[in-house]
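Reviewing the structure listed below.
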Protein chains: 2
Amino acid sequence: MAVGELSETELNEIHEAALDLAREARTILRSRFESQLTRSYKADGTVVTDVDLEIEERLRTLIEKRFPQHGILGEELGISRPEAELRWILDPVDGTENFSRGILTFGIIIGVHHRGTPVSGIIDHPVLDLHYSAIRGGGTLRNGSRLKMPDLPPSGDPRREVFAISNPISYILSGSCRPLLAFLRSGINLRIYGDCFAHTRAVEGQIGAMIAVNNKPWDLAASRILIEEAGGLYKEISRLTENGQEKATAVFGKKPVVEFILDFIAEQNRGENRPA
Amino acid sequence: MAVGELSETELNEIHEAALDLAREARTILRSRFESQLTRSYKADGTVVTDVDLEIEERLRTLIEKRFPQHGILGEELGISRPEAELRWILDPVDGTENFSRGILTFGIIIGVHHRGTPVSGIIDHPVLDLHYSAIRGGGTLRNGSRLKMPDLPPSGDPRREVFAISNPISYILSGSCRPLLAFLRSGINLRIYGDCFAHTRAVEGQIGAMIAVNNKPWDLAASRILIEEAGGLYKEISRLTENGQEKATAVFGKKPVVEFILDFIAEQNRGENRPA
């Protein structure tokens with residue numbers, strides 16, 4: 001094994017640990033669902049509860065104990081050992097707003113990245129009892145069964161597909177991203193769930209593609225590997241850093257549908273750059 | 001009892017029959033979920049499957065047998081006895097697109113209206129095992145337990161609420177309804193589910209309000225009574241007939257949140273009518 005490469009044994013050990021963390025987080029979340037929560041608002045206007053913090057602290061402690069040399073990036077508690085080649089990325093409750101209101105689509109996101117490439121990824125929906133996991137080269141499982149994304153939508157026409165975008169939609173409506181606004185205007189069948197339920201719908205192939213706009217690293221920590229190992233396509237279309245916060249826009253889902261969206265955006269961009 | 005009034009006995013008998021129909025439809029839908037379906041597209045571009053037709057035929061037969069004098073309006077098979085004072089309104093599968101793709105938020109909608117006023121209403125999500133029912137004057141139940149909608153959102157501020165709108169969003173984006181477009185642009189936290197899961201989120205009080213745009217009668221058949229009997233507010237804001245098809249736009253949910261939306265729309269309309 002070359003220095004810095006990840007052995008299969010090491011990868012399996014990491015993935016098993018990630019599965020343990022997801023089980024731990026699921027147990028806590030199920031026990032606190034529909035209980036009284038302490039809600040507060042973060043600087044960015046989003047909601048956080050005592051449960052988000054409790055889970056992230058618990059998961060970080062478990063990682064530190066098992067892999068003291070690994071880096072950790074969590075939504076609530078920031079980054080440890082940013083220089084480490086292996087980084088755990090945690091979103092203890094993705095969709096806190098939904099979780100705190102009793103809307104059962106929220107989930108836990110755990111990703112492990114090796115030099116920036118995802119090698120293990122999990123999205124778990126505790127109340128829906130839906131668990132998605134992927135390990136690099138080993139496929140994507142839903143509740144233990146291998147997923148295989150259909151290549152083409154039922155109609156064979158990408159425009160007949162269902163699409164999902166991330167909230168807030170006001171960013172697109174404000175005109176900050178004209179090609180995507182044009183896409184939303186084109187009569188597509190759209191979903192907005194406000195959490196990673198949209199990502200797992202794409203992993204299942206139930207929707208054609210997810211358009212994740214300006215997502216933070218923990219929002220996307222598991223989606224790339226879950227999609228790719230299920231046989232789908234994941235394309236990052238832009239990345240920016242705003243007030244020290246990295247954000248990415250990515251499209252992922254069935255290959256022909258993702259390509260259809262990328263072509264649509266490219267066509268829109270060509271139109272805007274055409275001399276008048 | 002005045003001629004043409006509905007007795008309590010008659011109302012109870014109707015509601016019991018509606019609950020029977022929902023159980024029947026749930027059994028069929030659960031058995032066909034994730035099975036091979038015959039999908040086709042209707043004139044309006046939406047999907048229909050053999051299951052939609054099978055369930056509506058079955059429910060109509062049961063109603064005809066028990067209440068031969070009642071009217072029936074169904075999504076797939078049209079209207080019978082339009083002059084009847086009592087009308088059953090049926091959406092055998094609300095969210096056929098979701099159902100046929102395995103997205104578990106779809107539901108069955110059954111409403112019974114007496115001279116246009118809903119007296120019994122049911123929305124059932126077969127795979128999520130969530131059942132909502134209401135009888136005029138008797139409250140709204142979720143899986144047998146009485147629901148009481150909180151009057152104010154957790155934050156106390158209607159703008160911090162979660163809102164849902166019906167698909168397609170392209171109608172609003174095209175500028176056909178400027179006040180609603182302005183509302184979507186105002187930075188609200190939005191959901192689009194593409195079926196009656198949005199309605200039942202409003203009935204639960206999990207979201208502040210649902211904005212149902214240009215909905216057909218069967219889409220809204222149960223929502224008014226479910227919301228009102230849970231202690232919420234339902235307001236129809238417009239109604240039109242297009243190619244012989246009646247469509248209504250309604251806002252419903254927590255009282256202060258619905259009033260906030262209506263005020264926002266009124267303010268937008270005043271702005272548009274102001275002399276330049």
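The values are calculated or read from the model by the stated rules, or taken from the named source; none is laboratory data. What you see is a predicted model, and the numbers here were worked out from it, not measured in a lab. Methodologically, a virtual Cβ is constructed for each residue, glycine included, from the backbone with ideal geometry; neighbour enumeration extends over all protein chains shown. Keep in mind that these areas ignore ligands, DNA and RNA; they rest on the heavy atoms of the full protein, side chains included. Shrake-Rupley method; radii C 1.70, N 1.55, O 1.52, S 1.80 Å.
Some observations on this one:
- Å² of accessible area per residue within the range A:17-157, as computed with a 1.4 Å probe and no ligands counted: 41
- Copies compared at A:Glu85 - label distances in nm, ascending, label defined 7 Å from Cα in the Cβ direction: 8.2
- Restricting the calculation to Cα atoms, every distinct pair contributes to the Kirkwood radius of the range A:117-260, found to be 15.4 Å.
- Set the Cα radius of gyration of chain A against 2.2 N^0.38 Å, with N its number of residues, and you get 1.00.
- The Rg/Rh ratio for the range B:97-175, using Cα coordinates for both the radius of gyration and the Kirkwood hydrodynamic radius, is 1.04.
- Stretching A:Asn243 away from A:Glu259 to a fully extended chain increases their span by 2.6 nm, per 0.36 nm per residue minus the current alpha-carbon distance.
- Selection from A:Ser120, A:His131, A:Ile108 lying farthest towards where the dipole of the range A:106-213 points positive, charges on Cβ: A:Ser120
- Ellipsoid equivalent to the range B:141-198 - semi-axes via the Cα gyration tensor, in Å: 26, 17, 8
- Taken along its three principal axes, the alpha carbon spread of the range B:41-139 comes to 37, 32, 23 Å, from the longest extent down to the shortest.
- Calculated label separations, A:Glu272, copies of the chain, 7 Å along the beta-carbon direction, nm: 2.7
- Rounded to the nearest 20, the size of the Cβ-charge dipole of chain B about its Cα centre is 740 debye, with Lys and Arg at +1 and Asp and Glu at -1.
- Distance histogram in 10 Å bins (all Cα pairs of the range B:1-99, percent per bin): 14, 43, 29, 11, 3, 0
- 12 Å beta-carbon shell around B:Leu37, net charge (K/R +1, D/E -1): -2
- Value in Å of the Kirkwood radius, where the range B:58-101 supplies the Cα pairs that are averaged: 11.2
- With every protein chain in place, the protein assembly as shown: carbon and sulfur % of accessible area (1.4 Å): 48
- Given charges at Cβ of Lys, Arg, Asp, Glu: the protein assembly as shown dipole, positive-most of A:Asn269, B:Val162, A:Ile165: A:Asn269
- Shape category assigned to the range A:1-41 from the gyration tensor of Cα positions, a/c cut at 1.5: oblate
- On the rotation that sends chain A to chain B, the chain A Cβ lying closest to the axis gives residue and distance in whole Å as A:Ile192, 2.
- Other residues whose C-beta falls under 10 angstrom from the C-beta of B:Thr140 contribute a net charge of 0, scoring Lys and Arg +1 and Asp and Glu -1.
- Inter-copy label distances at B:Gln245, using a point 7 Å along Cα-to-Cβ, come to 4.1 nm with the shortest given first.
- Alpha-carbon centroid distance for the pair the range B:195-239 / the range B:19-69, whole angstrom: 22
- For the range B:28-34, 3J(HN,Hα) computed residue by residue from phi via the Karplus equation (6.51, -1.76, 1.60; θ = phi - 60°) reads 5, 5, 5, 6, 9, 5, 6 Hz, glycine and proline entered as x.
- Summing both sides, the accessible surface hidden between A and B at a 1.4 Å probe radius is close to 3200 Å².
- Under the convention that each Lys and Arg Cβ holds +1 and each Asp and Glu Cβ holds -1, the size of the dipole of the range B:1-95 around its Cα centre is about 340 debye.
- For chain A, the longest principal axis of the C-alpha atoms and the axis of helix A:255-273 are separated by about 60°.
- Two-site label geometry, A:Glu272 and B:Ala266: point separation in nm, points 7 Å out along Cα→Cβ: 3.9
- Computed about the Cα centre, the dipole magnitude for the range B:32-79 is approximately 180 debye when only Lys and Arg (+1) and Asp and Glu (-1) carry charge, each at its Cβ.
- Other residues within the sphere of radius under 13 Å centred on the Cβ of A:Glu8, judged by their own Cβ, net out at -3 (K and R +1, D and E -1).
- A 1.4 Å probe run over the range B:199-276, with the rest of the protein chains in place, finds 41 Å² accessible per residue.
- When the Cα gyration tensor is reduced to axis lengths a ≥ b ≥ c, the ratio a/c is 1.5 or higher for the protein assembly as shown, and with a/b above b/c it is classed as prolate.
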